[in-house]
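Visitor: Here's a structure for you.
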Amino acid sequence: MSAPIVEAVGVSKRFGGVQALTDVSVAFGPGEVHCIVGENGCGKSTLLKVISGAYRPTSGQVVVDGTAYDHLTPRQALSAGIEVIYQDFSLMPNLTAAENIALPGSVAGGRRLYSRTAARTLAERAVVRLGVEIELDIPVGELTVAERQLTAIARALAHEAKFIAMDEPTTALTWKEVDALFAAVGRLKEAGVALAFISHKMQEIFSIAERVTVLRNGAVVTSGRPDEFTHASLAETMTGRGSQSFDRVAPRNKGRAPALKVTGLGRAPLFADVDLEIGQGEIVGLAGLLGSGRTEIAEAICGVKPAQTGTIEVLGRPTPINALADAVAAGIGYVPEDRLTQGLFLDQPIGDNIVATHLPARRGFLNSRAIERRKARVVSDLRIKLGKLTDPVRSLSGGNAQRVLLGKWLVGEPKVLILNGPTVGVDVGSKFDILGVLNAQSLQGLGVLIISDDVPELISMCHRVLVVRSGRIVRELSGDQLREDTVVAAVTA
Amino acid sequence: MPERFRRVLLTMGTRASFIRLLVVAVAIVVVFGILNPTVFLSGQNLQYVELASPEVAILSLAMALTMLTAGIDLSVVSIANLSGVVAALIMTNGHQPPGLAMLAAVGVALVCGAVNGLLVGYKHVPPILATLATGQLFSGLALVASSGTVIKGLPDSFTRIALLTVAGVPLIFWVMLIAAVIVGIVVAKTPLGFRMRLVGANPTAADFSGIRRARVLLATYVMSGALGGVAGLIISARAGGANSDYGSSYVLLAVVIAVLAGVDPEGGYLTVAGVVIAAIAMQLLGAGLLSLSVSSHVVNICQGLLLVTMVLLNTWGTALSTVFPRRRVTA
């Protein structure tokens, strides 16, 4: 490997009593994709923040282009061409995509006046280099998660970065978009840019990485070329546990009313004629590209954006659903796509998040004893790792935050649970636990509908997978048809 | 029972700002007590504070409630004045007993609050615009109803309310305490209060939690309106008359007090005890300055300075608490 562009040498970082990083040394060479993998809380994000100058390491150095820094400032890092794309993208939602892409550069360049056309050209060039299509002229807040992600990546491209680190860049992207991203990454590699990738998805790690470094509890466990690992060995290194898989038990549906039955559901122009049935104890997947209508169908069933036509039955009982509150009353739960803005009250206590939907009350007053019992039960049932119940949810890792969200619905003992991207941004260990909880709940009769981009996850979890295209359910795959290639083919056809 | 004590503190709001507020209130008493003990610590002066605080505190509670839901009620003083005018008209022109007039006034306040709630909750008008507009509307109605004059000649049985004392404390001070306790119970002990906090913290997540946000907001603004009505009755009982533009500076004062108390204007946090203490501290400061024979304009300057200082302290407080996280007290 030629001389690294960025290198962390013996970096340690302590936060109060927590040792976040212990003597971590990683080098990022030009034209190399280096995947940093590990469970949530293993120190990946801390490492990125040390490299970008956001955190000052307790000991150790960051070496940029041969210059060693004990304490790199964010400004030094930026001017050295270090770009980090965090999970929240750090975009300004009220500005257009073009402005978001072009502005930081012109601000850093000390330009006093802003030229719309120059910004537009700069942004267009970055987007073309990325090989994707983004609406450049509407506010970023109105873009989908995937488009926002791409905007953030385009912004880094526009800055002529020498080192780009991406914190789980593909979580919200569809296969097509991931392919486009990887193609752009390929071009960046040819241009000699060093790339750091934080990812949970095995397939990606193996398809894109030149080098893999595994962190566990803030220390480097192992580092090597991807061909030195297998999926299983990598997962085992990350978690420190043996790999596991589910025993899928066929649901016994005979003679029992379906948990959920949807007939002729429609909302022009998003989707139409949607019929689906989920048996008690059945796990059904809903696959489709972004924009296929899969999220809209789910949101209609749970009343967030109600359908215009069609009927919904829960356990054989027709239930008109015009608001999420109606769905909750009928026993339907919905775990939304965007955990941070839709799912959780980040600054509110963990405990209050757990009981936000199903709030025990007696004669108009909160039943605090029942509330505390519920909180404690969810924390122990879902094995949520937390400091205190009164800590804000913000203090939790992705996996634990998702468990809070899941617990918030399970505590109401729903008949049907609809999950949109339940394991997005969740580490391997937590992912397994979350899927395990769903599996266990389904064995007790819960009907589950999972919307996911993660095909291996759908295949390992679901009894059946329904494929949505242009707002219609076009295929149903089950049994032997339920394979990765068939699902991908059906979705992208 | 330290655990129980901690819980009580939590419902009151043990934020660093709350403790700082207490320190400021005590400091005001100590400083003016030393500077001019004969006037400032006189029973007359303290009674002035007890009589002047309730209307301000109740208006601030209303403001704080809407701020809990990340809103604001700029119309609350207009609601107070409209209610006062309605009550006064019923008592003078209508010759009805004060009890009926007071009921009618609170009824009017509830309707006004409901109008705000419908606009904010169901029509999704930003609270600052909705209540600014309705505030103008309610003021205008009060102006027309009162023909632009001060309605005088209120019966003694009504104005006496401002003079009555119970256990040596003015009745209206008790009314303030009762209002504070009710608001505190609603916020800390009922599903409505819990949901108000969540709606304020993250309206989208509230929607995705099956909380009927519009209903919660409606209830919030109705409560805010009702408090405005109560404040209006106290104001006209104290003033012996009703007027359409009494205490227009109270709107900003109520915002100031809520912020002083540590209520987060971005929603999700409310401290009832803090609001009451902040309201009293403001009146103490005013009374203290007046006891030094300072002009009332200087009082405004000093109240402004106090606010700026407290806001700065709160900002430093967060900065310090990130340096010394162990010392942070969160609610």
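The values are calculated or read from the model by the stated rules, or taken from the named source; none is laboratory data. Since this is a predicted model, take the numbers as computed values, not measurements. So basically every Cβ, Gly included, is an ideal-geometry build from the backbone, and we count neighbours across all protein chains shown. SASA here: full protein model, heavy atoms, side chains in, ligands and nucleic acids out. Shrake-Rupley method; radii C 1.70, N 1.55, O 1.52, S 1.80 Å.
Visitor: Running a GNM on chain B with Cα contacts under 10 Å, which residue among B:M310, B:M196, B:M282 ends up with the highest mean-square fluctuation?
Guide: B:M310
Visitor: Using +1 at the C-beta of Lys and Arg and -1 at the C-beta of Asp and Glu, which of A:A165, A:I350, A:G279 has the Cα lying farthest in the positive direction of the dipole of chain A?
Guide: A:I350
Visitor: Over chain A, what lengths in whole Å, largest first, do the semi-axes of the equivalent ellipsoid take, defined as the square roots of 5 times the eigenvalues of the alpha-carbon gyration tensor? Please report the intermediate quantities before stating the final value.
Guide: Numbers: eigenvalues 308, 137, 104 Å².
With the √(5λ) rule applied to chain A, the semi-axes are 39, 26, 23 Å.
Visitor: Further question on the same structure: Taking chain A as the reference, fit the longest principal axis to its C-alpha atoms, fit the long axis of helix A:145-158 to the helix C-alpha atoms, and give the angle between the two in degrees, 0 to 90, nearest 10.
Guide: Taking the Cα atoms of chain A, the angle to A:145-158 is about 10 degrees.
Visitor: About the Cα centre, and with charges only on the beta carbon of Lys, Arg (+1) and Asp, Glu (-1), how big is the dipole of the protein assembly as shown? Nearest 20 debye, please. Intermediate results must be reported in sequence, preceding the final value.
Guide: Details: 71 positive and 61 negative charges, 416 e Å.
My answer is approximately 2000 debye.
Visitor: Continuing with this model, one more query. Over all pairs of distinct alpha carbons, what does the Kirkwood formula give as the hydrodynamic radius of segment A:156-197, in Å? Can you show the working numbers first?
Guide: Working: mean 1/r = 0.0931 Å⁻¹.
Radius from the Kirkwood sum: 10.7 Å.
Visitor: Select from chain B the helices, each a whole stretch of DSSP H, whose alpha-carbon atoms run 18 Å or more along the helix axis and whose Kyte-Doolittle mean is at least 0.5; answer none if there are none. Display every interim value, and only then the final one.
Guide: Numbers: long enough: B:16-35 (28 Å, 2.77); B:43-68 (36 Å, 0.91); B:76-92 (24 Å, 2.03); B:98-117 (28 Å, 1.74); B:127-145 (26 Å, 1.56); B:171-189 (26 Å, 2.71); B:213-239 (39 Å, 1.14); B:272-291 (28 Å, 2.11); B:296-323 (40 Å, 1.24).
Result, helices passing both filters: B:16-35, B:43-68, B:76-92, B:98-117, B:127-145, B:171-189, B:213-239, B:272-291, B:296-323.
Visitor: May I ask which residue of B:G184, B:N243, B:Y269 lies farthest towards the positive end of the charge dipole of segment B:177-288, with charges of +1 (Lys, Arg) and -1 (Asp, Glu) on Cβ and the Cα centre as origin?
Guide: Value: B:G184.
Visitor: In sequence order, what are the phi-derived ³J(HN,Hα) couplings for segment A:465-474 according to the Karplus relation 6.51 cos²θ - 1.76 cosθ + 1.60 with θ = phi - 60°, rounded to whole Hz, with x for glycine and proline?
Guide: After applying 6.51 cos²θ - 1.76 cosθ + 1.60, I find 10, 9, 10, 9, 9, 6, x, 10, 7, 9 Hz.
Visitor: If contacts are Cα pairs under 8 angstrom and at least 6 residues apart, what is the relative contact order of chain B in percent? Could the numbers behind the result be given before it?
Guide: Details: 539 pairs, mean separation 116.5, N = 331.
Reported as a whole number, the value is 35 percent.
Visitor: Separate question: Looking at chain A, send over the antiparallel percent of its DSSP beta bridges, to the nearest 5. Before the final figure, lay out the partial values.
Guide: Details: 42 of 76 bridges.
Antiparallel bridges: around 55 percent, rounded to the nearest 5.
Visitor: How many partner chain Cβ atoms sit within 10 Å of a residue's Cβ in peptide A:160-170, on average, as a whole number?
Guide: Working: counts 0, 0, 0, 0, 0, 0, 0, 0, 0, 0, 0.
Mean shielding by partner chains, rounded to a whole number: 0.
Visitor: OK, next. Per DSSP H run of at least 4 residues, take -39500 (n - 2.57); add these up for chain B, divide by its residues and hand me the 222 nm value, nearest 500 deg cm²/dmol. Intermediate values should be presented prior to the final figure.
Guide: On the way: 15 runs with 242 residues, N = 331.
Computed mean residue ellipticity for chain B: -24500 deg cm²/dmol.
Visitor: How far apart, in nanometres, would the label points at A:T341 and A:E476 be if each is projected 7 angstrom from Cα along the Cα-to-Cβ direction?
Guide: The answer from the label model is 3.6 nm.
Visitor: Work out Dmax and Rg for segment A:188-236 from the C-alpha atoms and quote the Rg first, both in angstrom.
Guide: Calculated on Cα positions, Rg and Dmax stand at 11.5, 34 Å.
Visitor: When averaged across all projection directions, what area in nm² does the alpha-carbon convex hull of segment B:13-316 cover?
Guide: Working: hull surface 62.7 nm².
With every direction weighted equally, the projected area is 15.7 nm².
Visitor: Oh, and also: Counting Lys and Arg as +1 and Asp and Glu as -1, each charge on the Cβ, what is the dipole of segment A:260-492 about the Cα centre in debye, to the nearest 20?
Guide: Numbers: 26 positive and 25 negative charges, 189 e Å.
Roughly 900 debye, rounded to the nearest 20.
Visitor: Taking 8 Å as the Cα distance limit and 6 or more residues as the minimum spacing, I'd like the relative contact order of segment A:338-493 as a percentage. List each step's numbers first, then the result.
Guide: Numbers: 176 pairs, mean separation 28.1, N = 156.
Relative contact order here is 18 percent.
Visitor: Given charges of +1 on the Cβ of Lys and Arg and -1 on the Cβ of Asp and Glu, with all other atoms neutral, how large is the dipole of segment B:13-316 about its Cα centre, in debye to the nearest 20?
Guide: On the way: 12 positive and 8 negative charges, 101 e Å.
So the dipole magnitude of segment B:13-316 works out to roughly 480 debye.
Visitor: Additional query: Around B:T165, which amide H atoms from residues at least 5 apart in sequence, or from another chain, sit under 5 Å from its own amide H, with H modelled in the peptide plane?
Guide: Answer set, sorted by chain and number: B:L171.
Visitor: Follow-up question, since we're still on this one. Taking 8 Å as the Cα distance limit and 6 or more residues as the minimum spacing, I'd like the relative contact order of chain A as a percentage.
Guide: Once divided by the residue count of chain A, the mean separation gives 15 percent.
Visitor: Leaving out ligands, DNA and RNA, and with a 1.4 Å probe, what % of the accessible surface on segment B:212-282 is carbon or sulfur? Provide the component values of the computation, followed by the final result.
Guide: On the way: 1200 of 2040 Å².
Using a 1.4 Å probe with all protein chains present, segment B:212-282 comes out at 59 percent carbon and sulfur.
Visitor: Am I reading the A/B interface right? What is its buried accessible area, both sides, 1.4 Å probe, to the nearest 100 Å²?
Guide: Summing both sides, the interface buries roughly 2000 Å².
Visitor: Using only helices, what value at 222 nm comes out for chain A when you add -39,500 (n - 2.57) per DSSP H run of length 4 or more and divide by the total residues, to the nearest 500 deg cm²/dmol?
Guide: Values: 16 runs with 166 residues, N = 493.
After summing the helix terms and dividing by residue count, I get -10000 deg cm²/dmol.
Visitor: Sticking with this one: Can you pull out the trypsin sites (Lys or Arg not before Pro) in segment A:283-377 that DSSP calls coil and that have at most 15 other Cβ atoms within 10 Å?
Guide: The qualifying sites are A:R363.
Visitor: Using a 10 angstrom cutoff on alpha carbons, build the Gaussian network for chain B and name the most mobile of B:T92, B:T131, B:T38.
Guide: With Cα springs under 10 Å in chain B, the top fluctuation among B:T92, B:T131, B:T38 is at B:T38.
Visitor: Name the residues whose placed amide hydrogens come within less than 5 Å of the amide hydrogen of A:M166, ignoring near sequence neighbours (fewer than 5 apart) on the same chain.
Guide: For A:M166, whose amide H was placed from the backbone, the distant partners under 5 Å are A:I85, A:A196, A:F197, A:I198.
Visitor: Order the peptides B:160-169, A:205-214, A:228-237 from the highest to the lowest mean number of other Cβ atoms within 10 Å of their residues.
Guide: A:205-214, A:228-237, B:160-169
Visitor: Picking from B:L198, B:I161, B:I151, whose Cα lies most toward the positive end of the charge dipole for segment B:71-202 (charges on Cβ: Lys, Arg +1; Asp, Glu -1)?
Guide: With unit charges placed on the Cβ atoms, the residue in question is B:L198.
Visitor: Here is a further query. Within a 10 angstrom radius of each residue's Cβ in A:340-350, how many Cβ atoms of other chains show up on average? Whole number is fine. Mind dumping the intermediate values first?
Guide: On the way: counts 2, 4, 7, 5, 5, 11, 4, 8, 9, 3, 0.
Taking all residues of A:340-350 together, the mean is 5.
Visitor: What do you get for Rg/Rh of the protein assembly as shown when both radii come from the Cα atoms and Rh is the Kirkwood radius?
Guide: On the way: Rg = 30.6 Å, Rh = 29.9 Å.
My calculation puts Rg/Rh at 1.02.
Visitor: Can you send over the carbon and sulfur percentage of the accessible area for chain A, probe radius 1.4 Å, protein chains only?
Guide: Numbers: 10520 of 21050 Å².
Ligands and nucleic acids excluded, carbon and sulfur reach 50 percent.
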